Amino acid sequence: MDIPRIINITESAHRIHNPFTPDKFATLGDALRLEPGARVLDLGSGSGEMLCTWARDHGIVGTGIDKSRLFTEQAKQRAEALGVANQVEFIHNDAAVYVADEKADVAACVGATWIGGGVAGTIELLAKSLRTGGIILIGEPYWRQLPPMPRLKPVARPPVTRSR
Ligand SMILES: C[S@@+](CC[C@H](N)C(=O)[O-])C[C@H]1O[C@@H](n2cnc3c(N)ncnc32)[C@H](O)[C@@H]1O
């Protein structure tokens, strides 16, 4: 089980697999008023930057689930590098079927709502792992402007001849 190899290759050097910055993750962590010991679940956790930096900066504990074997491994290495490997765990799995045994204070999915079949399905999925009164965090990327597409020339094909 893995994501398409082309994504593992093109994003292998990314710490954040989204049009997002470290500052924005920090602002988001502040805005959530995360308390030390708060439990955060992250479906589609990528290379673990959100959970690892929140563990370092806010003392949260957390679990990240990702279908990419490579990103999951990178997330574990990032946790070691930031000295938070005892606070966060990263599991290589399909998050679409993941329900946490221990309910989370914050259940997140940032930039991967196809996991639940869209925003509504992802809310339902996250809610299964959320404690009563907890917070669901969803990041949904969108184009502010469609990127220009090069005009493609039609390919000239030889005429098809049929023989009996
Ligand atoms: C756009 S990236 C976002 C990663 C991370 N949230 C971040 O902001 O860096 C989407 C992530 O979802 C993961 N993914 C895709 N399908 C998945 C699935 N069914 N279960 C778990 N992870 C999945 C990919 O491997 C990738 O890491």
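Please treat every number below as a calculation from the coordinates, not as lab data. What you see is a predicted model; the values in this text were computed from it and never measured. Note that we place each Cβ from the backbone using ideal geometry, even for glycine, and neighbour counts take in every protein chain shown.
Below, the figures for the structure above:
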{"item": "Cβ-based net charge around residue 63, under 11 Å, with every Lys or Arg adding one and every Asp or Glu removing one", "result": "-4"}
{"item": "Mean Cβ neighbour count within 10 Å, used as a protection proxy, ranking 105-117, 72-84 highest first", "result": "105-117, 72-84"}
{"item": "Shape category assigned to the range 52-115 from the gyration tensor of Cα positions, a/c cut at 1.5", "result": "oblate"}
{"item": "At R0 = 35 Å, FRET efficiency that the Cβ-Cβ distance of residue 136 and residue 156 yields, to 0.05", "result": "0.10"}
{"item": "Per-pair calculated FRET efficiency, R0 = 25 Å: residue 81 and residue 27 via Cβ, rounded to 0.05", "result": "0.65"}
{"item": "The chain: C-alpha gyration tensor shape, a/c 1.5 cut-off, then a/b vs b/c", "result": "prolate"}
{"item": "Sequence ranges 23-30, 138-145, 1-8, ranked by mean other-Cβ count within 10 angstrom, highest first", "result": "23-30, 1-8, 138-145"}
{"item": "Local net charge near residue 31, Cβ-Cβ under 15 Å (Lys/Arg +1, Asp/Glu -1)", "result": "-3"}
{"item": "Principal-axis tilt of helix 69-81 within the chain, Cα atoms, nearest 10 degrees", "result": "30 degrees"}
{"item": "On Cα atoms only, tilt of 22-31 relative to the major axis of the chain in degrees", "result": "50 degrees"}
{"item": "Lysines whose Cα lies under 24 Å from that of residue 128, excluding same-chain neighbours fewer than 8 positions away", "result": "67, 103"}
{"item": "The chain - mean residue ellipticity at 222 nm from DSSP helices (-39,500 (n - 2.57) per run, n ≥ 4, rounded to 500)", "result": "-8500 deg cm²/dmol"}
